[in-house]
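As structure tokens, the structure follows; a few thoughts come after it.
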Amino acid sequence: MTALTSPSRTPARSSPAGPPPSGTRSRRGATRRRWFVAVVFALPALLLLGVLVVYPMLFSVGRSFFDATGTRFVGGDNYTEMFRDPATLKAIRNSTIWVVVAPTLLTGLGLILAVLTEKVRWATAFKLLLFLPMAVSFLAAGIIFRLAYEEDPDRGVLNAVAVGVHGTFQDTSSYPTARARDGQGLTKTGDGSFRTTDAARPGHTVNLPLVGVRPDELPAGAVPARGAAGAEPGPDELRGVVYLDFTPGGGGEQGTVDVKESGLPEMAVEAVRDGKVAARATTGADGSFRFAGLAAGSYELRLPAENFAPPYEGVSWLGPALVTPAVIGAYLWIWTGFAMVLIGAGLSALPRETLEAARMDGANEWQIFRRITVPLLAPVLTVVFVTLVINVMKVFDLVYIIAPGPVQEEATVLATQMWLVSFGGGQDQGLGSALGVLLLVLVVPAMLFNVRRFRRSQS
């Protein structure tokens, strides 16, 4: 029987690795080319980022540990001094006001306008009109509002409106510059009124001369006072005339009502006895006044201070009390369109079937807005709010341009304080760098929050 022999099994030899397939080589080459192209295109941006952002940031951090000259290491002294300086504390307070007020108002205004523009016929034109201020630079906007906030009503449009509205509801004095002539029977009191130096009695006539009013500034309808000066009073009457003791062209006699001297109409006159007002009258076109039914005795005649009150000149928008709200108002004018457009974009993406279902269930527009629109827009509103917070932390141009020099410290924020300390007179780059680092520390958390939200929205 032939023996069956199994074929011998020899271990396979491992041959040396040969060159990769041509397809693999081509893929690797394409990958390298893509990386090379990406680096070539990104390199200018990275260089600019390093030169304009990274290097100044690192340099400022290092510079903040040195003194004003930059030669002596002081450690954390600049940071300690920063929180001891009253001006810096005021800048932190103002920056806090900005962060709380401006983004909140802008987000609210943007939401309201975005909802309303959906219901108007010319929505696109309205949005374009509101967005136009974004095309104006902060420098130009600051100059515009600096002029609008001028206290002189002839130059400042806001005060011109305020004066016009005030004059509609309250009469103003016609004689803010009037004054008594010395030695002619009138003296000025501490409250701004004028009183007679001699007592007056019923049955007499009292002439009250004033000066300081230009003839061309007299009220319309004023006539010469000569005719009223000679009127004979009754036994219980006290008559008189308030007139401008000035004769146009010269001449005349002081304290005497001359032919060409005009009466002062619409002026209040009071008869005072024992410190109490016994009677009150208003002068006519010729400046005459008359008190009737007076009891016997002596009276003091008084021209109240309301006759000489300075004219209402509006609001001191750029004074210490209102300068920060005034600058915030200019900021709102610029950025309201931005907030409206972003929120409007989010509003247009809302599911309409949800809104229609709510209307069919009987919900009114306010309920839909409060319970459906706002919750669905919460991510968009958050992004807009945080973006505006980052922006207001860095505001500089408007504050520096709008706030006048005397109140610059009242309106200063961290960015302006950093510039003032470093270059605007302080010449202390160490402390200024510390302020810059503080500003960076405050801005970075908001930036990281926004970046995380963007990443979550894309995932």
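The values are calculated or read from the model by the stated rules, or taken from the named source; none is laboratory data. Values in this document were obtained by computation on a predicted structure and should not be read as measured data. Note that each Cβ is placed from the backbone with ideal geometry, even for glycine, and that neighbours are counted across all protein chains shown.
Quick check: anything in segment 321-331 free of Cβ contacts under 8 Å to residues at least 40 places away in the same chain and either basic (Lys, Arg) or touching a helix residue (DSSP H, G or I) at 6+ places or on another chain (Cβ under 7 Å) (or both)?
No.
Consider Glu217 carefully, then state whether it is under 23 Å from Ala279 (Cβ atoms), at pLDDT below 85 and of a type in the set (D, E, K, R).
Considered against the rule, which asks whether it is under 23 Å from Ala279 (Cβ atoms), at pLDDT below 85 and of a type in the set (D, E, K, R), Glu217 comes out as no.
Consider segment 322-361. How many of its residues are within 11 Å of the chain's Cα centre (by Cα) and among the aliphatic types (A, V, I, L, M)?
7
What do you reckon, is Glu313 acidic (Asp, Glu) and without any contact (Cβ under 8 Å) to a residue 60 or more places away in the chain?
Taking the combined requirement at face value, the residue does not satisfy it.
From (1) out of contact with any Ser or Thr (no Cβ under 7 Å at 6 or more places or on another chain); (2) closer than 18 Å to Asp428 by Cβ, pick out the condition that doesn't hold for Ala91.
Going through the list (1) out of contact with any Ser or Thr (no Cβ under 7 Å at 6 or more places or on another chain); (2) closer than 18 Å to Asp428 by Cβ, Ala91 breaks only (1).
From Ala140, Ala180, which residue is free of Cβ contacts under 8 Å to residues at least 40 places away in the same chain, among the aliphatic types (A, V, I, L, M) and under 22 Å from Ala305 (Cβ atoms)?
After ruling out the rest, the residue left standing is Ala180.
Restrict the check to segment 419-438 and report whether at least one residue is in contact with a strand residue (DSSP E or B) (Cβ under 6 Å, 6 or more places away or on another chain), buried (at least 17 other Cβ atoms within 10 Å of the Cβ) and touching a residue at least 60 places away in the same chain (Cβ under 8 Å). Full working, then the answer.
Of all residues in segment 419-438, those in contact with a strand residue (DSSP E or B) (Cβ under 6 Å, 6 or more places away or on another chain) come to 430.
Within this subset, residues satisfying the condition of being buried (at least 17 other Cβ atoms within 10 Å of the Cβ) are 430.
Still in the list and also touching a residue at least 60 places away in the same chain (Cβ under 8 Å): 430.
Looking for residues that are in contact with a strand residue (DSSP E or B) (Cβ under 6 Å, 6 or more places away or on another chain), buried (at least 17 other Cβ atoms within 10 Å of the Cβ) and touching a residue at least 60 places away in the same chain (Cβ under 8 Å), one finds at least one in segment 419-438, hence yes.
Could you give every pair whose Cβ atoms fall below 6 Å, whose first residue belongs to segment 48-61 and is free of Cβ contacts under 8 Å to residues at least 60 places away in the same chain, and whose second residue is assigned to a helix (DSSP H, G or I), counting only separations of at least 6 or pairs across chains?
Pairs that qualify, where the first residue is free of Cβ contacts under 8 Å to residues at least 60 places away in the same chain and the partner is assigned to a helix (DSSP H, G or I): there are none.
For segment 365-385, how many residues are in contact (Cβ under 8 Å) with a residue 40 or more places away in the chain, in a helix (DSSP H, G or I) and surrounded by 17 or more Cβ atoms within 10 Å (Cβ to Cβ)?
Initial filter on segment 365-385 (in contact (Cβ under 8 Å) with a residue 40 or more places away in the chain): 369, 373-374, 377, 379, 381-385.
Next, only the ones that are in a helix (DSSP H, G or I) stay: 369, 373-374, 379, 381-385.
Those left that are additionally surrounded by 17 or more Cβ atoms within 10 Å (Cβ to Cβ): 373, 381, 383-385.
Final tally of qualifying residues: 5.
Name the residue, out of Ala91, Ala38, that is outside the structural domain of Gly344 (by TED's automatic domain parsing) and either within 20 Å of Leu438 (Cβ to Cβ) or modelled with pLDDT under 90 (or both).
After ruling out the rest, the residue left standing is Ala38.
Restricting to segment 273-300, and then to whatever is buried (at least 17 other Cβ atoms within 10 Å of the Cβ) and among the aliphatic types (A, V, I, L, M), can you tell me which residue is farthest from Arg195 (Cα to Cα)? Quick ask: steps written out before the conclusion?
From segment 273-300, those buried (at least 17 other Cβ atoms within 10 Å of the Cβ) are 278-279, 281, 283-291, 294, 299-300; that's our starting set.
Applying the additional criterion that residues be among the aliphatic types (A, V, I, L, M) yields 278-279, 281, 285, 294.
On the way: Ala278: 14, Ala279: 14, Ala281: 15, Ala285: 21, Leu294: 18 Å.
In this case the residue turns out to be Ala285.
Could you check segment 183-208 and list, in sequence order, the residues that are under 46 Å from the mean Cα position of the chain (by Cα) and more than 17 Å from Ala309 (Cα to Cα)? Reasoning before the result, please.
At the first step, the residues of segment 183-208 found to be under 46 Å from the mean Cα position of the chain (by Cα) are 186-195.
If the condition is that a residue be under 46 Å from the mean Cα position of the chain (by Cα) and more than 17 Å from Ala309 (Cα to Cα), then Leu186 is the only one that fits.
Given the options Thr187, Thr196, name the one that is among the hydroxyl-bearing types (Ser, Thr, Tyr), surrounded by 14 or more Cβ atoms within 10 Å (Cβ to Cβ) and modelled with pLDDT of 85 or more. Break it down into steps so the answer makes sense when it comes.
Details: Thr187 fails: surrounded by 14 or more Cβ atoms within 10 Å (Cβ to Cβ).
Just a single option satisfies the conditions, and that option is Thr196.
Could you tell me whether segment 310-320 includes any residue that is surrounded by 21 or more Cβ atoms within 10 Å (Cβ to Cβ), among the hydroxyl-bearing types (Ser, Thr, Tyr) and under 30 Å from Phe145 (Cα atoms)?
no
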